[in-house]
Amino acid sequence: MVIPFDGTPSVCNNAHYQAQLKTAVAEYLDEHGMDELARRYDANIINARWLWRNCLGSHSVKVTVS
């Protein structure tokens with residue numbers, strides 16, 4: 001599952017911080033776009049790095065790229 005990215009933190013109870021972060025993300029995206037974020041996301045999916053943080057069941061998963 002992929003969560004849409006709009007700069008809003010998924011877990012945060014500080015409204016001031018949320019507003020500052022959303023502003024900073026919007027400024028970054030206006031200046032740089034999402035290319036680097038997309039490349040990193042793609043690389044993490046391809047090399048299955050997300051499995052190492054969530055080790056439960058990672059030994060029985062096979063990743064095939066074609």
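In nm, what is the difference between 0.36 nm times the number of residues separating Leu37 and Phe5 and their Cα-Cα distance?
Length gained, Leu37 through Phe5: 10.5 nm.
Just add up the charged neighbours of Tyr28: K/R +1, D/E -1, any other residue whose Cβ is under 14 Å from the Cβ of Tyr28.
-4
Only the coordinates and a few stated rules stand behind these numbers; no lab work does. Bear in mind that the values here come from a model prediction, so they are computed numbers and not experimental data. Quick reminder, even Gly has a Cβ in these numbers, built from the backbone with ideal geometry, and neighbours come from all protein chains shown.
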